[in-house]
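To start, the structure itself, in structure tokens.
The values are calculated or read from the model by the stated rules, or taken from the named source; none is laboratory data. All figures in this text were calculated on a predicted structure; none of them were measured in a lab. Backbone-built Cβ (ideal geometry, glycine too); neighbour counts: all protein chains shown.
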Amino acid sequence: MLSKITISCAPHIGQPLSTRRIMVDVIIGLVPVMAAAGYYFRIRAPILIGTCVVASVVTEWLCNLLRKGTNSVGDFSAVVTGIILALSLPPGFPVWGAVIGSVFSIAVGKMVFGGLGANIFNPAMVGRAFLTASFGVLMTTWTVPATIKGVKMSRIAPENVVDARTQATPLAWSKLAIKQKYGANRYSEENFKATVTGEVGGCLGETCVIALLIGGVYLLIRGTIKFHIPLAVLVSAFIFAAIAYLGNSYRYVQPLFHLTSGGLLLGAFFIATDPVTAPLTVKGKWIYGVGIGVMTMLIRIAGEYPEGVMYAVLLMNSVTPLIDRLCKPTPAGGKPRA
Amino acid sequence: MKVESKGRFRRGSASPRLITFRGGTHPPQSKELTRDREIRPGPEVKEVAIMLSQHIGAACQPIVREGNMVQAGQKIGDSDAFVSAPVHSPITGKVKEIGLRSHAVLGRSPAIVVEAYAYNPVKRPSFKIEDFDESKYSSGQICEAVRQAGIVGMGGAGFPTRVKIEPSPETPKKTLIINGCECEPYITCDYRIMLEWTDQIIAGIKLARKACGCSEIFIGIEDNKPEAIEALDSALKRTPNCENIKIVSVKTKYPQGGERQLIKAILKKNVPTGGIPPMIGVLVANVATVAAIAEAVVCNWPLTHRVVTVTGDAIANPGNYYVPIGTSVEDLIGFCGGVTKKSAKVIIGGPMMGIAIADLKTPITKTAGAITILTKEQVGKKLERLQTPCIHCGKCLEVCPENLVPTKIAHAVKNNLWEVAENYYISACNECGCCSYVCPANIELTGYIRTGKIFLARQKKLMPA
């Protein structure tokens with residue numbers, strides 16, 4: 001009975017939570033978002049999500065084969081990357097493009113750095129940035145949600161807007177407002193409800209605020225993510241937008257409208273909270289979150305693009321090691337006397 | 001009962017905050033296996049192996065020869081060094097051998113093996129609180145008795161108690177904290193001592209108070225032991241001259257029984273990094289240690305036995321036993337009915353900080369509070385060697401009671417980046433194991449940090465600055 005005892009260092013017990021469990025939790029948190037995508041964009045949602053997930057997993061598997069290392073497909077991080085990439089693509093994006101994006105995400109975004117835990121940038125955002133740079137038109141061609149009656153599910157470009165509900169995206173509209181001094185204020189008031197329910201144009205997973213909040217709250221309750229980053233992103237973006245709105249309410253839309261439209265919530269709950277590319281310390285997480293919020297709003301209000309979450313996340317990813325160095329915690333007993 | 005005790009024993013007024021420290025974790029307690037088992041006499045052993053180094057400081061030199069006869073309680077090893085503690089034979093018999101035996105921490109190290117000569121019942125010296133009067137003893141007498149009895153910190157560290165309690169002009173001690181937390185899962189020896197040897201503990205506290213000249217005394221007990229709090233509280237009420245002894249019910253959280261964490265919880269003070277409690281005028285002693293002080297001073301009996309919790313799902317008769325120091329783990333397991341299930345690990349101590357041993361002939365030392373035998377299921381994922389990459393989830397930072405960045409230190413050690421490891425205060429780690437316990441990637445963070453500390457210590461020895 002005592003013939004085979006093991007020795008190893010303490011502690012000899014561990015809590016059951018594993019990396020895989022964390023990834024499964026993120027996938028569960030994304031289920032309401034995927035469901036909303038399926039509701040508004042019908043068959044496009046399963047096609048894009050399925051394509052991205054399969055392409056990501058296969059890419060990871062092949063990269064592991066090339067690296068001759070242990071196979072890391074089982075940790076499900078590639079699945080998460082695939083889903084998030086799919087959710088941040090326009091619903092009408094072609095399947096071949098999604099495959100290219102997924103391959104780039106995993107191969108260049110993650111595996112060249114050494115796999116999970118070693119990447120500097122959020123892999124899904126790397127893939128999306130690559131697609132934006134390569135296929136600019138496809139990445140800004142939007143689909144009208146299938147639930148809007150009387151309009152066929154068709155692709156429309158910002159130029160030929162039919163009416164307020166079949167516009168490109170809410171943010172493209174507010175961008176036009178900034179540029180042409182259009183009646184942005186009125187627009188946002190009319191469409192605020194649609195941005196909450198998700199009955200607007202936009203990327204696959206970013207339109208339905210309710211689904212994003214459900215998923216985000218699930219992750220917070222499970223302890224998979226901490227509240228610091230989402231709160232910092234949302235509050236800083238809100239304050240930035242509020243200052244702009246108070247300064248010129250004719251050109252700029254209401255601050256709450258900025259939170260509910262575009263990828264801000266998807267980014268705050270599911271993309272910025274990617275632990276690998278976010279700072280370790282609580283103080284660092286605040287700085288990182290505020291950085292993303294402010295950067296996003298800077299791009300939205302003062303930049304050329306209507307949406308800025310992706311670039312904001314990538315820019316803050318690049319300074320994460322610096323933030324970590326800046327926010328090194330002091331030991332409980334103070335700094336040791338040399 | 002539990003909630004009530006929290007309120008009643010809180011120091012100060014109606015502060016809603018629980019008395020605790022920052023960080024920490026909640027491993028399953030698993031104390032129900034032995035918490036209701038009374039302390040019973042341990043095995044009547046035929047042979048004991050007394051390790052010559054059972055404490056921090058200089059190892060003892062044997063003062064007996066092979067073939068000598070020794071009496072129970074006779075000193076058999078001693079050292080001239082200030083930081084050291086002598087060792088005694090718990091049984092009457094013949095010195096069979098002075099040779100190497102397995103030590104849980106030090107590996108093969110010298111020990112005196114005593115073979116029982118005659119009938120050697122396991123008996124505690126009788127202690128009567130009625131006859132006890134601390135004014136009979138002077139501070140110097142107490143310190144000398146503690147030194148002669150070879151008492152060391154019995155909570156696990158094994159620091160010679162005399163060195164601790166002796167007053168020193170450079171660091172005057174004001175506060176004495178008695179540690180009855182026992183935060184380590186499975187272990188119940190201190191809990192049983194608090195219930196059964198209550199008067200002896202109080203006598204020991206009074207003696208320690210007299211020796212070190214502390215003016216305020218706190219007994220810190222986790223709030224999952226309301227019976228122990230109750231027992232000590234009623235004993236304090238019926239004993240005269242206990243006005244400055246207060247019981248503090250602290251939050252049940254691992255590692256609440258860590259010296260630094262307990263001081264933080266009770267006094268809201270931090271011990272300086274790399275420093276020791278006397279620097280802020282504090283002294284911490286375990287309940288088993290103060291019980292031993294009472295035995296040493298009043299009964300003039302050295303530290304030859306201790307209470308050991310033998311526990312784990314795999315053991316037939318788990319319980320708390322009064323065991324002669326030097327008994328081999330094997331004998332003790334046999335005495336408890338042996339193992340019934342397939343076991344994976346035999347640990348001296350508890351599952352969080354204990355040391356897994358390979359040699360079952362390893363003797364019990366003064367600091368071994370428990371033998372924990374874990375089954376494969378209980379060890380769980382820690383049995384798998386698979387470590388996945390760190391995903392920077394930050395859980396180790398959350399639980400670190402010393403507010404360190406365990407993942408950075410561990411990875412620095414892994415990659416031989418010693419400067420980085422020191423930059424992240426590797427030496428401030430108290431090796432409590434919380435980071436390894438919570439790590440979802442199953443990385444042995446504590447193991448890496450411990451390795452790094454040993455390496456750096458060796459490097460400094462080779463190249464003194």
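May I ask you to say which residue of B:A104, B:A208 is within 24 Å of B:P86 (Cβ to Cβ), modelled with pLDDT of 90 or more and buried (at least 16 other Cβ atoms within 10 Å of the Cβ)? After applying the criteria, what remains is B:A208.
Only one of (1) closer than 17 Å to B:Q61 by Cα; (2) crowded, with 24+ Cβ neighbours inside 10 Å; (3) of a type in the set (G, A, S) is not met by B:S109, so which one is it? The failed condition is (2).
Condition check ((1) hydrophobic (A, V, I, L, M, F, W, C); (2) in a loop (DSSP other than H, G, I, E, B); (3) touching a Lys or Arg at 6+ places or on another chain (Cβ under 6 Å)) across all residues:
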residue	(1), (2), (3)
B:P351	no, yes, no
B:A358	yes, yes, no
B:C390	yes, yes, no
B:C393	yes, yes, no
B:C396	yes, no, no
B:E402	no, yes, no
B:V420	yes, no, no
B:N430	no, yes, no
B:A441	yes, yes, no
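Among the residues examined, A:A98 qualifies as in a helix (DSSP H, G or I), farther than 30 Å from B:N442 by Cβ and modelled with pLDDT of 95 or more.
Applying the criterion of being out of contact with any Lys or Arg (no Cβ under 9 Å at 6 or more places or on another chain) and not in a loop (DSSP other than H, G, I, E, B) to the residues of region A:105-121, the residue that is nearest to the other protein chains (Cβ to nearest Cβ) is A:F113.
For region B:330-370, filtering for residues that are more than 9 Å from every other protein chain (Cβ to nearest Cβ) and either of a type in the set (S, T, N, Q) or free of Cβ contacts under 8 Å to residues at least 40 places away in the same chain (or both) leaves 5.
Quick check: is even one residue across region B:235-251 under 16 Å from the mean Cα position of the chain (by Cα) and at pLDDT 90 or above? Scanning region B:235-251 turns up no residue that is under 16 Å from the mean Cα position of the chain (by Cα) and at pLDDT 90 or above. Is at least one residue of region B:408-415 more than 10 Å from chain A (Cβ to nearest Cβ) and not in a helix (DSSP H, G or I)? Checked against the condition, which is being more than 10 Å from chain A (Cβ to nearest Cβ) and not in a helix (DSSP H, G or I), region B:408-415 yields at least one hit.
Got at least one residue in region B:311-329 being touching a residue at least 40 places away in the same chain (Cβ under 8 Å), assigned to a helix (DSSP H, G or I) and within 14 Å of chain A (Cβ to nearest Cβ)? Quick ask: steps written out before the conclusion?
Filtering region B:311-329 down to residues touching a residue at least 40 places away in the same chain (Cβ under 8 Å) leaves B:311-315, B:318-329.
Then keep just the ones that are assigned to a helix (DSSP H, G or I); that gives B:329.
Imposing the further condition that a residue be within 14 Å of chain A (Cβ to nearest Cβ) reduces the set to B:329.
Checking region B:311-329: at least one residue is touching a residue at least 40 places away in the same chain (Cβ under 8 Å), assigned to a helix (DSSP H, G or I) and within 14 Å of chain A (Cβ to nearest Cβ).
Within region A:1-58, the set of residues being crowded, with 24+ Cβ neighbours inside 10 Å and within 14 Å of another protein chain (Cβ to nearest Cβ) comprises A:A10, A:P11, A:H12, A:I13, A:T19, A:I22, A:V26.
Are any of the residues in region A:73-94 without any contact (Cβ under 8 Å) to a residue 12 or more places away in the chain and assigned to a helix (DSSP H, G or I)? The answer is no, given that none of the residues of region A:73-94 is without any contact (Cβ under 8 Å) to a residue 12 or more places away in the chain and assigned to a helix (DSSP H, G or I). The residues listed here are A:V108, A:V151; of these, the one that is within 30 Å of B:C439 (Cα to Cα) and either modelled with pLDDT under 85 or in the same structural domain as A:A45 (by TED's automatic domain parsing) (or both) is A:V108. Within region A:309-338, the residues that satisfy the criterion of being within 14 Å of chain B (Cβ to nearest Cβ) and surrounded by fewer than 18 Cβ atoms within 10 Å (Cβ to Cβ) are A:P321, A:R325, A:L326, A:K328, A:T330, A:G334, A:K335, A:P336, A:R337, A:A338. From the list B:V290, B:V282, pick out the single residue that is away from every other protein chain (no Cβ under 14 Å) and in contact (Cβ under 8 Å) with a residue 40 or more places away in the chain. Every option except B:V290 fails the conditions. Looking across B:E402, B:E431, B:E398, B:E422, one residue alone is without any contact (Cβ under 8 Å) to a residue 60 or more places away in the chain, out of contact with any Leu (no Cβ under 6 Å at 6 or more places or on another chain) and within 11 Å of chain A (Cβ to nearest Cβ). It is B:E422.
Scanning region B:254-305 for residues that are in a helix (DSSP H, G or I) and closer than 30 Å to B:A72 by Cα gives B:V287, B:A288, B:T289, B:V290, B:A291, B:A292, B:I293, B:A294, B:E295, B:A296, B:V297, B:V298.
Of all residues in region B:448-465, count the ones that are without any contact (Cβ under 8 Å) to a residue 24 or more places away in the chain and assigned to a helix (DSSP H, G or I). Residues in region B:448-465 being without any contact (Cβ under 8 Å) to a residue 24 or more places away in the chain and assigned to a helix (DSSP H, G or I): 7 in total. Taken as a whole, the condition of being buried (at least 18 other Cβ atoms within 10 Å of the Cβ), in contact with a helix residue (DSSP H, G or I) (Cβ under 6 Å, 6 or more places away or on another chain) and not in a helix (DSSP H, G or I) applies to A:P279.
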